[in-house]
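Undergrad: Input: one structure, supplied below.
Just so it is clear, none of the values below were taken in a lab; they were calculated from the coordinates. Only a predicted model underlies this, so the values are computations on that prediction, with no experimental measurement involved. Neighbour counts run over all protein chains shown; Cβ positions are idealised from the backbone, glycine included.
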Amino acid sequence: PGLGEMFMGDMKPAGLNDLKAEGHPLPPVKPVFHSFHWMVVIGIVILGLFGAAAALLPGGRLYKSTWLLKLLVPAVVLPHIANNLGWMTAEIGRQPWTVYRLQTTTQGVSPNVSAGQVLGSLIMFVLLYTLLGALYVFVLDRRIKAGPVFDHDDGEEALLKKPVEGKF
């Protein structure tokens, strides 16, 4: 309490009750609430995995901890999921506004774009992103199967015995 007044002065932020009193449609609160919180949870999980990997890196213990390495492989998708949840938070949360208090999403519809054009664009983007996603998984799979690249001639055994030095 009191921190908001420091930044906002005498302004009172509009809440859902204020929008309802003015006759504006209310945004869907539950999807915004849940997508935001899941995004934050995933971010904390990513930080925890990074922290665990960073703690085990000295002395080469990370390369011996199979439990963490097995967790890190599927964790590659977590930033993508968090990114999509953030997008959902922003896009669903701004409803029903295109421009806050000036233009609603129903007023923002273009009369010059047909439903067929929108459908064609949607199909094109779905196909493009499906192709890019498949390519991403293919390249990632090849990289993982190839294994790590060593800068020295000692091979993997030396890496597991001595601490990691140099750049990350």
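Undergrad: Report, in deg cm²/dmol and to the nearest 500, the calculated mean residue ellipticity at 222 nm for the chain, where each DSSP H run with n ≥ 4 adds -39500 (n - 2.57) and the sum is divided by the residue count. Before the final figure, lay out the partial values.
TA: Values: 7 runs with 102 residues, N = 168.
The per-residue figure over the chain is -20000 deg cm²/dmol.
Undergrad: In the chain, which helices (entire DSSP H runs) extend 30 Å or more along their own long axis, judged by Cα positions, while averaging at least -0.5 on the Kyte-Doolittle scale?
TA: On the way: long enough: 29-56 (41 Å, 1.74); 115-146 (46 Å, 1.37).
Going by DSSP H runs, the hits are 29-56, 115-146.
Undergrad: Further, regarding this structure: In whole Å, what is the distance between the alpha-carbon centres of region 1-70 and region 116-132?
TA: 30
Undergrad: Two-decimal Rg/Rh of region 67-112 from alpha-carbon positions, Kirkwood Rh? Present the calculation step by step, with values, prior to reporting the outcome.
TA: Details: Rg = 17.9 Å, Rh = 13.3 Å.
Checking Rg against Rh, the ratio lands at 1.35.
Undergrad: Of all the stretches in the chain, which is the longest one without any exposed loop site, taking GluC sites (Glu not before Pro) in a DSSP loop (any state but H, G, I, E, B) with at most 11 other Cβ atoms within 10 Å? Can you show the working numbers first?
TA: Working: sites that count: E22, E165.
Answer - 23-164.
Undergrad: If R0 is 41 Å, what FRET efficiency do you get for S110 and K145 from their C-beta distance, rounded to 0.05?
TA: Values: r = 47 Å, r/R0 = 1.15.
Between S110 and K145 the formula returns 0.30.
Undergrad: Let me know the number of lysine pairs in the chain closer than 30 Å at the Cα, not counting same-chain pairs under 8 apart.
TA: Close lysine pairs under the 30 Å cut-off: 14.
Undergrad: Quote to one decimal, in nm, the extra length available between N17 and Q103 on full extension: 0.36 nm per residue of separation minus the C-alpha distance between them.
TA: Working: separation 86, 0.36 × 86 = 30.96 nm, distance 1.95 nm.
Result: 29.0 nm gained on full extension.
Undergrad: Over the chain, what number does the Rg to Rh ratio reach, with both radii from the alpha-carbon atoms and Rh per Kirkwood? Intermediate values should be presented prior to the final figure.
TA: On the way: Rg = 24.3 Å, Rh = 21.3 Å.
Expressed as Rg/Rh, it is 1.14.
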